[in-house]
1. Among 72-85, 167-180, what's the highest-first ranking by average C-beta atoms within 10 angstrom per residue?
2. What FRET efficiency comes out for residue 155 versus residue 109 if R0 is 25 angstrom and r is the Cβ-Cβ distance? Round to the nearest 0.05.
3. Using only Cα atoms, tell me the angle between helix 17-31 and the longest principal axis of the chain; keep it within 0 to 90° and round to the nearest 10.
4. To the nearest 500 deg cm²/dmol, what mean residue ellipticity at 222 nm is calculated for the chain from DSSP H runs of n ≥ 4 alone, each contributing -39,500 (n - 2.57), summed and divided by the residues?
5. Tell me the angle of helix 89-98 to the major Cα principal axis of the chain, expressed in degrees between 0 and 90 and rounded to the nearest ten.
6. Once a ≥ b ≥ c are taken as the square roots of the eigenvalues of the Cα gyration tensor of region 1-96, is the result rounded (a/c under 1.5), prolate (a/b larger than b/c) or oblate (a/b not larger than b/c)?
7. Could you put 15, 62 in order, starting from the residue whose Cβ has the fewest other Cβ atoms within 10 Å?
8. For a quick check: sort 164, 56 by the number of other beta carbons within 10 angstrom, fewest at the front.
């Protein structure tokens, strides 16, 4: 039985280096006989602003379909750039609006604990940045990596979460970019 893989492009542009990473990962995953679905957030029609859980708006059809794809998946790959030390607002809005209580997690009555409703899935983050990954780690302390891994995905039960950082993209050579694209394709082949 083939693995069900959902790949989410968190960069709004389909002609970005992140989009090329998506294409290469998907090609590798399909070579490994995975069933693959791709969500390109820049093509979805939804309001990224969460009004809070008590007054949340009904989900738009694209977000209903996204939740169905998440439920279907066994492995989720997020591909996005680091902008100002964090994920793009579009991706954060997507997470805010889709990873909702009763879908991704559920708080327990009279308890500080919660139920993780997305267990049984793993994740891979393919993250680009204009600074070298060592700088993001040792100087900036990887705020987005921690946020995505610990406070979003593992909070909802998705684990393990593995992270591949690509940088510095700004000023990188065509040869370096080709190596990163080949790495994304290899990760797809390994379904990791």
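1. 72-85, 167-180
2. The calculated FRET efficiency here is 0.85.
3. Once rounded, the angle reads 90 degrees.
4. Taken over the chain, the calculation gives -10000 deg cm²/dmol.
5. Around 40 degrees separate the two axes.
6. Judged from the Cα gyration tensor, region 1-96 comes out oblate (a/c at least 1.5, b/c at or above a/b).
7. 15, 62
8. Least to most surrounded, the residues fall as 56, 164.
Each reported figure results from applying straightforward, stated rules to the coordinates on display, with no laboratory input. What you see is a predicted model, and the numbers here were worked out from it, not measured in a lab. When we count neighbours, we look across all protein chains shown, and the Cβ atoms used for this are built from the backbone with ideal geometry, even at glycine.
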